[in-house]
Structure formats: structure tokens, C-alpha cells
Amino acid sequence: MRMWAKLSKVGWLVVLGLVLGGANFAQADLSYDMGSSSSALQSGFTRVTESTLYTSLNGYGWDTALNFASHGAPASSLQNLLLDYDYGSPGSTGQRTFKVDLAAGEYAVTLYFYDQTNGKTNIEVYQGSSSTLLAEVDTLAPNTLITKEFNVTMASDGTLDLRFFRPADVDPPVLPYTDKWVINGIVISAVPLPSTMLLLGSGLFGLGLLRFRKRA
């Protein structure tokens with residue numbers, strides 16, 4: 001029982017948080033709708049225009065201004081999300097990084113790609129300036145929604161950088177805008193702690209209560 005006796009009051013508060021909260025202490029879901037400043041906004045999403053630049057005050061935004069386009073979308077629950085997008089030209093000069101501040105923890109990221117009129121090819125998403133490829137869209141056919149999902153882990157509080165890129169030396173454009181990368185929306189969700197961790201926290205908390213009762 002010496003181990004339990006040495007656990008500080010702060011330690012017991014952390015255990016209590018695990019038991020009652022059931023989360024990984026990361027922030028709530030973050031949802032971003034990319035497009036123009038005047039288009040309809042998807043319900044529950046935060047607007048991100050071509051000129052929404054990252055600041056520490058906002059906690060999200062692009063590293064550099066880019067472009068937007070609106071080609072419409074069929075009626076659906078995601079119509080407002082899909083009707084327009086932010087986009088960049090091919091090559092290194094056209095790449096852009098979307099930055100968002102996150103607390104330490106594990107996150108599930110979902111990216112939405114759609115263009116009602118023009119197809120796209122070879123869209124790549126990297127982790128910051130590294131060569132770590134997080135997602136790739138080989139072919140985005142017209143009027144076809146593609147979602148890409150992946151997990152990222154923030155070892156400490158910081159900024160997640162998602163770099164969007166389309167190589168300039170592949171698949172010459174068949175139609176205008178087909179050689180651009182696009183992004184319609186981004187959703188970032190905190191991944192809950194595994195149930196085994198919650199059971200461990202419950203057990204530790206129970207032992208702590210038993211020890212305090214015996215001391216009383």
C-alpha cells in the first residue's frame with residue numbers, strides 16, 4: 001500500500017478526472033468549412049475563407065492566402081460544405097498549410113474533397129514540412145465526394161500543420177482547374193482514452209477512497 005500512500009492529492013485529482021471524464025483531456029471537435037466569405041456555411045462548422053490566415057489568437061487558419069471556387073453541390077446534408085472550396089495551384093509555389101492549435105492527445109482527422117464540375121488528380125496532404133504523407137487522392141472525379149481519414153498524436157500542446165500539395169510534373173490538365181488541389185472541409189475529433197485506461201483509473205480511485213476511509 002506504500003505506492004497508494006505516496007500518490008499526491010494532485011495525482012488523485014487526475015485519476016478522478018479519468019474516471020468521471022472518460023476523455024483524453026483534449027479539446028472538443030473542430031470543424032472547418034472552406035470556401036468564400038459569402039457562401040452558405042455548413043451547420044456546426046467554422047468558416048475558413050481563402051484569406052483566413054493563422055494567428056495565435058484565432059488558433060487556426062492558412063499560412064498564406066490562396067484561392068476559392070464555387071461550383072455548387074447537389075442537395076444533401078453536406079450541401080453547404082461541398083458547394084465551394086479553397087484551392088491551390090500545382091507545384092511548390094501553390095502548396096499551402098492549414099494550421100490549427102491542439103492540446104496534447106490523439107486526434108482523428110477527416111478531410112472532405114469535392115468538385116461538382118471539374119475532376120482533380122494527385123492531391124497530397126503532408127504533416128507540416130516533413131515528407132510524412134497523411135492522405136492522398138489519386139483521382140477526384142466530378143460530382144464525387146471523397147473523404148480521407150487518419151489519426152495524429154500531439155505529444156504536447158502545439159500546432160497541427162496540414163500541408164496541401166499537388167505535384168506539377170504529373171497528369172497535365174485536361175480541363176481548366178483539373179490540375180489544382182482542393183479542400184472543402186476539415187473535421188478534427190479527439191480520440192477517447194481506451195476503456196482499459198478508464199478501468200485502471202477507476203481501480204486506482206477506488207483504492208484511494210478505501211485508504212482515506214481507513215485513515216479516517
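Every number in this text was worked out from the coordinates using simple rules, so none of it is lab data. The structure displayed is predicted, hence computed values, not measured ones. Note that each Cβ is placed from the backbone with ideal geometry, even for glycine, and that neighbours are counted across all protein chains shown.
Odds and ends about this structure:
- Residue identified as among the acidic types (Asp, Glu), under 15 Å from residue 186 (Cα atoms) and surrounded by 14 or more Cβ atoms within 10 Å (Cβ to Cβ) among 106, 149, 136, 124: 124
- Complete set of residues in region 35-68 that are of a type in the set (A, V, I, L, M) and over 20 Å from residue 163 (Cβ atoms): 40, 41, 57
- Residues (buried (at least 16 other Cβ atoms within 10 Å of the Cβ), of a type in the set (A, V, I, L, M) and either in contact with a Lys or Arg (Cβ under 7 Å, 6 or more places away or on another chain) or closer than 22 Å to residue 160 by Cα (or both)) located in region 82-103: 100, 102
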